[in-house]
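What follows is a set of notes on a single structure, which appears directly below.
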Amino acid sequence: MDGDFRSEFVRRPPAARHHPALVLNADYRPLSYYPLSLWPWQEAVKAAYMDRVDIVAEYDAVVRSPSTEIRIPSVVVLKDYVRPQKRVAFTRFNLFLRDEFRCQYCGSRGDLTFDHVIPRAAGGVTSWQNVVAACSPCNLAKGSKSLRRAGMSLRRAPRQPSAEELRNMGRRFPPNHLHESWVDFLYWDAELDA
């Protein structure tokens with residue numbers, strides 16, 4: 001048998017394969033925009049059954065048990081408010097999000113890594129204020145040289161973002177798939193054009 005042997009024996013209804021549920025906080029805002037707060041349909045059904053969420057919108061698809069038929073939730077709202085984190089974790093993903101998934105030297109979007117502005121060899125530390133997103137060619141060109149010695153400059157000085165800044169930045173990068181039932185909840189707090 002090729003692949004994972006367990007998948008050969010699992011029967012999944014074809015309609016229920018790709019039906020994630022958008023998870024909203026009790027204030028009807030997504031828990032996160034990027035990555036978008038989504039649960040697999042199984043988690044959404046379980047949370048609804050355990051009375052932890054209210055179902056706001058549903059897909060047309062249904063799942064069945066011997067005694068019940070349930071429409072798959074597409075948007076759920078938590079009954080208890082989850083306080084957003086104030087502290088922003090220093091992760092590669094959050095660093096790329098802060099820098100808008102662009103090299104901070106040339107502005108390109110592909111093949112990103114990260115670079116220490118003041119090289120570690122020269123005493124630079126790994127922190128929000130010293131690390132930027134960089135494409136591989138720029139990272140190699142800079143190497144362990146200072147910006148001046150490498151003849152390079154930064155598009156924007158690195159700094160620690162606030163949690164709100166990262167949330168707002170995440171709203172600029174919608175996922176590849178947005179179900180029509182999600183749209184009203186994703187951008188309802190966005191400023192309207194005049």
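In the stretch 90-121, of all residues being of a type in the set (D, E) and in contact with a strand residue (DSSP E or B) (Cβ under 6 Å, 6 or more places away or on another chain), the one that is nearest to A134 (Cα to Cα) corresponds to D115. Taken over the stretch 63-108, the criterion of being within 14 Å of the chain's Cα centre (by Cα) and open to solvent by less than 70 Å² (accessible area, probe 1.4 Å) is satisfied by V88, A89, T91, N94, L95, F96, L97, R98, E100, F101. Within the stretch 121-137, being open to solvent by less than 20 Å² (accessible area, probe 1.4 Å) and not in a loop (DSSP other than H, G, I, E, B) holds for V131, V132, A133, A134, C135.
Entry remark, the stretch 110-120: residues being out of contact with any Leu (no Cβ under 7 Å at 6 or more places or on another chain) and either assigned to a strand (DSSP E or B) or of a type in the set (A, V, I, L, M) (or both) number 5 in total.
If you check I55, I70 for being more than 30 Å from A141 (Cβ to Cβ), at pLDDT 95 or above and of a type in the set (A, V, I, L, M, F, W, C), only one passes: I55.
Does R167 satisfy being in contact with a Pro (Cβ under 8 Å, 6 or more places away or on another chain), surrounded by 14 or more Cβ atoms within 10 Å (Cβ to Cβ), in contact (Cβ under 8 Å) with a residue 12 or more places away in the chain and not hydroxyl-bearing (S, T, Y)? Against the criterion (in contact with a Pro (Cβ under 8 Å, 6 or more places away or on another chain), surrounded by 14 or more Cβ atoms within 10 Å (Cβ to Cβ), in contact (Cβ under 8 Å) with a residue 12 or more places away in the chain and not hydroxyl-bearing (S, T, Y)), R167 qualifies. Output yes when any residue across the stretch 91-102 is under 30 Å from L178 (Cα atoms), of a type in the set (A, V, I, L, M) and part of a strand (DSSP E or B), and no when none is. Checking the stretch 91-102: not a single residue is under 30 Å from L178 (Cα atoms), of a type in the set (A, V, I, L, M) and part of a strand (DSSP E or B).
The values are calculated or read from the model by the stated rules, or taken from the named source; none is laboratory data. This structure is a prediction, so every number in the text was calculated from the model and none was measured. When we count neighbours, we look across all protein chains shown, and the Cβ atoms used for this are built from the backbone with ideal geometry, even at glycine. For the accessible areas, the whole protein counts, side chains as well, though only heavy atoms, and no ligand, DNA or RNA atoms are used. Shrake-Rupley method; radii C 1.70, N 1.55, O 1.52, S 1.80 Å.
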